[in-house]
1. Please order Ser451, Ser168 by the number of other Cβ within 10 Å, starting at the fewest.
2. Determine Rg/Rh for region 155-289; Rg is computed over alpha-carbon atoms and Rh is the Kirkwood hydrodynamic estimate from the same atoms.
3. Can you list the trypsin sites (Lys or Arg not before Pro) in region 329-410 that are in a DSSP coil and have 12 or fewer other beta carbons within 10 angstrom?
4. Could you sort 7-13, 414-420 so that the peptide with the highest average Cβ count within 10 Å comes first and the rest follow in order?
5. Rounded to the nearest 0.05, what FRET efficiency do Lys352 and Lys127 have when you use their Cβ-Cβ distance and R0 = 41 Å?
6. With labels modelled as points extended 7 Å from the Cα through the Cβ direction, what inter-label distance (nm, one decimal) is found for Thr47 paired with Asp327?
7. Order these by the 10 Å Cβ neighbour count, fewest first: Val279, Val183.
8. For region 219-316, just list the percent of Cα-Cα distances falling in each 5 Å bin from zero outward, please.
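Read the figures in this text as sums done on the coordinates, not as results from a lab. Small disclaimer: the values here were computed from a predicted structure and weren't measured. Heads up, the Cβs are rebuilt from the backbone with ideal geometry, glycines too, and the neighbour counts pull from every protein chain shown.
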Amino acid sequence: MLFHSTRGGDKDRTFEDILMQGLACDGGLFIPDFWPQVDLESLSTKTSFIDVAKEVVPLFTSSSFSKQEVLRILDNTWHDFDHKDIAPIKNLDDKTSILELFHGPTAAFKDFGLQLAAAFFNEVLAKNKKTAVVLGATSGDTGSAAIDACKKFKSIKTFILIPDGNMSEIQRKQMTTINEDNVFTLKISGTFDDCQDIVKAAFKDRSFLNDNQDLLAVNSINWVRIIGQICYYFYASCKLTNFDQKINFSVPTGNFGNVFACYAAHKMGLPLNKIIVSVNENDILNRFFTNNDYSKKDVNETVSPSMDISVASNFERLIYDFYCNRDAELCNNLYLSFPTKSINLPTDIWEKTKDLFLSYSVDDSMTIATIQGIFKSHNYLIDPHTAVAAVAVKKLNKDIDCPTLILSTAHPAKFPNSIEEAGILIDEIPKRLSEVFEKKEIVYEFPVNKSAIFDFIASKN
Ligand SMILES: *Cc1c(COP(=O)(O)O)cnc(C)c1O
């Protein structure tokens, strides 16, 4: 199994290549050369998340790791979860359930992808006798999940850039209270876009690296993160219906990574009815799925900040695979002029949407009202991202006549302001979240000045 780029200019790459490289050379995103098929019968006998992952992950890694090696890695990959099931399911009513993906150490679903990425980074570095700098920009949960996943590996130094902006206090403190000598959180007096520009420039510059050192990206386009997420779609479906029935997934999304993992699972054999693409007021995906209009607009700050995006980076993979039927030239042409020119597909191609996707855009007041409503009716507290996905299910109810799983991507205690706005008192804060308030914050402050930042990385490296 090898990988190639959605834009056709980067081909025949191994799992190790794409793991360490992230983005393809031609600016496209890596995708497997074909969709490996799972054995549903064998999967349906698995009872634990890890056992499901052991069937799924090796389908993508054979170009770089033996099956034996991967099974050993997976035994040690997902750690510090506070629930024995790793991804437990809570039934709301006889048709609707919640897949709780927030039991990892940073209380958001990004632990699934990033713990897998870090485990493979560490293996490759050890094998090649190298070290690495992990560099990323974050406005939400990516940074803390990356830090937590990488901090135990001494071959990796992690530098995370955060903006002055719409991030909850807990989200920030999860990154600034780590106190490990291989972890650095840099607060940039600018926007998330400024942080991203600095990261992009760093990947060109590389002057701050030592000899025999890799620079690694942890943004959501890295394929290994998608693999980690594919696993819980199979696990959840197996638990809920044993693959006997088609089900719907409602996915709260921003960069489309989590939705693409759902789509990938379907291409690998998961029986699915509809994928519900649930977004906040930053609605570029909803405008595409309901109106064939993928056009960039400015970002609005919302109560679901981890989905505040202007474009959805992983969406290119869907354009390439689902709409363009893997025609790289077509995909390349659409993306070469984007975002200057918006993406509007020929109508007959866009019509395919109806076969698999539904979409809904939710405003903040509806999000808060739904947190309130579900708490009142089910005595169950959800976070604002999960609430977005719950609203979509309610609104699209007449179109989805089979069991539905709502993905719960974060623990509600991560967003106390929204919970308070809903008039609810949080009576249970997981220890891993409350303890950040007792720890000292260590944060390095910088203006938007890339050479000062590169010098800092060099000095700590
Ligand atoms: C990152 C994040 C999302 C969005 O995930 P995508 O893969 O970009 O769709 C949703 N909810 C939470 C809590 C997140 O941290």
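1. Details: Ser451 11, Ser168 20.
Fewest-to-most Cβ neighbours within 10 Å comes out as Ser451, Ser168.
2. With Rh from the inverse mean 1/r over Cα pairs, Rg/Rh is 1.05.
3. Values: sites: Lys341, Lys352, Lys354, Lys376, Lys394, Lys395, Lys398; in loops: Lys341, Lys352.
Here the trypsin sites (Lys or Arg not before Pro) that fit, given the DSSP loop and packing criteria, are Lys341.
4. Ranking the peptides 7-13, 414-420 by packing returns 414-420, 7-13.
5. Working: r = 42 Å, r/R0 = 1.02.
E(calc), rounded to 0.05, equals 0.45.
6. Simple spin-label model gives 5.0 nm for this pair.
7. Working: Val279 29, Val183 21.
Ascending number of Cβ neighbours within 10 Å: Val183, Val279.
8. 2, 14, 22, 22, 18, 13, 7, 2, 0
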